[in-house]
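Right, one structure below, let's go through it.
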Amino acid sequence: MKEHFKDISYEVIDSMIVLSGTAIGREPETKIMTVMNRLANAYHLNVLRSFGFDIPVDRNMDVIELRGYEYWLSIDESELKKLPSATVFDFEAFDIYIKTIPSYRYAKLRIEDPFSDPFERIGGGWKLLVKWLENNDFKNSGIVKCDNAYCLEEIKNAGGMIVIDIYVPVTKVDAQ
């Protein structure tokens, strides 16, 4: 494993309430992350975690030029009272949806300094994690699709270094 990839591990991410926004464009990640961070500031929200992931674009769009990205801000349920709606609302011409995401056990890979060579590091990280899963958890053909489970990216600061933790859902965790 290359030095910028850290050991694959498992992490259970508990059920969470997220504010979800999407953008389509040449750099949808930057666009929607900026909007969602302004939303958190505007409503004085305490954001617990934030996740993003690629989403498909309409087949009629120029898929070579345009990409889609969804970004989540995880909040405590008590924060919902600060928002104009508990289901969906408009913010800066973006539809913001409130979703409840069930708890899942994820396979996780950490990528250090991901933006020094993003196509090699982030793309290579996803390939490595999927290959590992194919040789382990997904070795058998009886995979059950998990509803509301997404492959996630979480950008963090760890010890003064920017990292991305990437996650692939493996199994749903039953509520206690």
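If the viscosity is 0.890 mPa s and the temperature 25 °C, what Stokes-Einstein diffusion coefficient in µm²/s follows for the chain when Rh is the Kirkwood radius over Cα pairs?
Taking Rh from Cα pairs, D becomes 141 µm²/s.
Mind giving me the FRET efficiency for H44 and E3? R0 is 30 Å, r the Cβ-Cβ distance, nearest 0.05 is fine.
0.15
With an 8 Å Cα cut-off and a minimum separation of 6 or more residues, compute the relative contact order for the chain in percent.
29
Run the dipole for the chain about the Cα centre, Lys and Arg Cβ at +1, Asp and Glu Cβ at -1, nothing else charged, and hand back the magnitude in debye, nearest 20.
About 260 debye.
Around C151, with a cut-off of 12 angstrom between Cβ atoms, what is the net charge of the other residues, counting Lys and Arg +1 and Asp and Glu -1?
Result for the neighbourhood of C151: -4.
Only counting other Cβ atoms within 10 Å, I'd like W72, W126 sorted with the fewest neighbours first.
W126, W72
A short reminder: the numbers here are calculations on the coordinates, not readings from a lab. Being a predicted model, the structure only gives us computed values, none of them experimental. Cβ coordinates were reconstructed from backbone atoms using ideal geometry, including for glycine residues, and neighbour counts include every protein chain displayed.
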